Structures are given as C-alpha cells and as structure tokens.
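The numbers here are math on the coordinates, done by the rules we state, and not lab data. Please read these numbers as outputs of a predicted model, since none were measured by experiment. Ideal geometry is used to build each Cβ from the backbone, glycine not excepted, and the neighbour counts take in all protein chains shown.
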Amino acid sequence: MIKINSNLKHFNAHHPVVAMGMFDGVHQGHLALLELLKQKARQMDGESVVLTFWPHPRIVLAQDSGELKLLTTLEEKTRFLAEAGIDHIVVLPFTKELAALTAEAFISQYLLDKIRMKHLIVGYNHRFGHDGIDKNQLQPLSEQYHFTYDIFGPTMVEGVKPSSTVIRKMITDGDVGEASILLGRHYSLKGRIVGGRKLGRKIGYPTANVEIDDPLKLVPHDGVYACRVHLLGRDYGGMINIGERPTIDGSSGQRSLEVHIFDFNSNVYSEEIIVEFIKRTRPEIKFPNLNSLKERLKKDEIEVRNILKETGTPG
C-alpha cells in the first residue's frame, strides 16, 4: 500500500530509490521515468520514492506566479503517482528557506539524512538547489556522499518530447487532443455544479455551470469541446462551452464553463463533477439571436456525438 508523507520525521523506506521534481501533469515522460524508478528499486531490493513539492516554487519565489497555471492539483498529482505504482510519495512543503539550500545541502539534509537514499534518478534537464546544479555536477557529490544515480531521458512520444510546458501550451491553445497523447489520458477539470441563469433550458440545451475547485488549475482555450462527464458515479457524454457567452452576456469579460450532459435530466446543484476534454470542435461564436444559437447547438450536438462514438465515449 502506498504511503504519502508530508513530514519526514518518521519516514521509513527500505533502500530508498528516489526521483524528485514537480511532476506537474504526471505525463508520459514522467511515467517512463517512474518505470525506471520502479525497475531500479526492484534491482536494488529497495522501495521507490517520489519526492515532489507544494506549493509550486514559482509561487513561493514570486516568479511570474500570477501567470502560472498547473496541469494537476495536488490531489490529482498524488493520485496519478499512486496509480503508477510508487511505494512512497513525499510532498515536501516548498519554502524560501528550502529554496536557499545548495544542492549539496539538500542532498545531505534531506535525501541522505532524512530519506536515507541509496540511489537517485534525475531527469536529463532537471536542475535543483539554489546553485542550480545539473546532471554533469552530480558525479563528485555522488562520490563524496556515497550514493549512485542514473540520468533519465529524454523520451519521445510520437516525435515530441513530453514536458509540462509543452502540454500547458497545447491546452492553452485548445489542442486537448494533442495534449492527451503526451499526457497518456484526457485532460480533466474537477469542480462543483453551481446555479446559473437557466437560459439553456429555454432553448433545449440545459447546462451545468461548473465552478473549478482550484484557481491554479489550467482551463483550456475558449470554445466548444466534446467531453466525457463523471457525475454521480456514472460516465456521460457531453459538450462544454468555455468562454464569455457573448450571445447572452455580450463582452462581459467573465469566463464560464457550461456543460450540456447528453441523456441526463436531474437537478445536481452542488454535486462534484469531473469533465474530461476529448476534442475542441469550434471557437466561441457570438450569434445574432437565441434561435441562431439553438440551431448551431443542434449541429454541435451531432458533431460531438459522432466524435464520442468514434472514441468509444458514452453519449
């Protein structure tokens, strides 16, 4: 059974083999590294340990933190790491004091004294410590402190190096289908259903207004998407509109997420909902009137249902 730790005071693992980083998205590149981590742990008769940090260092260090959006919440990240079969997850609170440590001090005080690491796996482009050491500067430290290490990567997925930065750009641009290839799953948002103006009911397309749980979670580009909806323990197909609803609200500047769930007609206010993005079908459009919007939504529904059928999604 996986153990999740935020305090290393009583941490205990057998011959720990460690990988560390933010692991935002827990994407295909991360998953390939985690496979090496598990393999190495088995070879050394040890246990796999992922050391990650929260909050994100850019928030703590105020490095463009206002623009930072994440692929995974802390809950999602730990869940995906657990599903990857890791023995231990350490979520280390990131502070300015921690950021001030040199790589050597961090290795000595945390990886060796507290975790008692035997082996370290480092991504090919990973840098750490206040001095920002990279893979080429690990050798003298490994000799001095008697640990071994491997450098992992880069790995390729359909000709692309998976990275959190690349995937964020894809989702920001609305390319959720491309992002899903690098993630190894569909990108998703979790939130609560909140009350709206109920105008969707008047045109035959009632929607659930979704309020996102975490303000740091990246929301895809405005537009209409085919989606899978997890609600009340079941999966449904649906289509979601992200944007300012210009036909109804004009240019309000207020973004909303409204999902029409196919073959569903229940009052679900305050319920938790998860939306998985399958494909963006069109940008958000301002229509001259509600009838024009209704006619377009009929076409959207046909297109989205076909996409869901092609991808084996309910709906």
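If the viscosity is 0.692 mPa s and the temperature 37 °C, what translational diffusion coefficient in µm²/s does Stokes-Einstein give for the range 148-273 when Rh comes from Kirkwood over Cα pairs?
Answer, rounded: 201 µm²/s.
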statement: For the chain, Rg(Cα) over 2.2 N^0.38 Å is 1.15
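Report relative contact order for the range 9-85 in percent, whole number only (criteria: Cα-Cα under 8 Å, sequence separation at least 6).
So the answer I get is 40 percent.
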message: Loop-only trypsin sites (Lys or Arg not before Pro) in the range 134-205, please: DSSP not H, G, I, E or B, and at most 10 other Cβ atoms within 10 Å.
response: Lys198
- prompt: Long-range amide H contacts for Leu231: which residues qualify at under 5 Å (H placed 1.01 Å from N, peptide plane, sequence gap of 5 or more or a different chain)?
  reply: Tyr236
- request: Just need the relative contact order of the chain here, percent rounded to a whole number, with Cα pairs under 8 Å and 6+ apart.
  value: 16
field: Model label zone, Lys299; criterion: amide N under 17 Å from point 7 Å along Cα-to-beta-carbon; scope the range 198-231
entry: 223-226
query: Label-point separation (nm) for Arg58 and Asp263, each offset 7 Å from Cα along Cα-to-Cβ?
result: 4.1
field: Cα centroid separation - the range 274-315 against the range 202-241, whole Å
entry: 12
- line: A correct Karplus calculation of ³J(HN,Hα) over the range 129-137, with 6.51 cos²θ - 1.76 cosθ + 1.60, θ = phi - 60°, whole Hz and x for Gly and Pro, returns x, 4, 8, x, 6, 10, 4, 6, 9
query: Counting only DSSP beta bridges with both residues in the chain, what percent are antiparallel, rounded to the nearest 5?
result: 60
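Find, among the GluC sites (Glu not before Pro) in the range 250-290, those assigned to loop by DSSP (not H, G, I, E, B) with at most 16 other beta-carbon atoms within 10 angstrom.
Glu271, Glu284
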- line: Here, the range 1-115 modelled as identical Cα point scatterers in vacuum has Debye log10 I(q)/I(0) at q = 0.15, 0.18, 0.21, 0.22 Å⁻¹ of -0.68, -0.97, -1.27, -1.35
- prompt: In debye, nearest 20: dipole of the chain around its Cα centre with unit charges on the Cβ of K, R (+) and D, E (-)?
  reply: 700
query: In percent, what relative contact order does the range 13-152 have, based on Cα pairs under 8 Å that are 6 or more apart in sequence?
result: 29
- prompt: To the nearest 10 degrees, how steeply does helix 28-43 sit against the main Cα axis of the chain, on a 0 to 90 scale?
  reply: 40
- request: Report the label-to-label distance for Lys169 and Ile203 in nanometres (one decimal), using points 7 Å from each Cα along the Cα→Cβ vector.
  value: 3.5
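Roughly what % of DSSP beta bridges within the range 13-152 run antiparallel, to the nearest 5?
5
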task: Anything over 19 Å Cα to Cα? Flag those among Lys38/Lys190; Lys3/Lys114; Lys161/Lys279; Lys169/Lys286; Lys190/Lys309, in the order listed.
output: Lys38/Lys190; Lys161/Lys279; Lys169/Lys286; Lys190/Lys309
query: Where the Cα atoms of the range 131-185 are projected onto their three principal axes, how long is each span, largest first, in whole Å?
result: 48, 23, 17
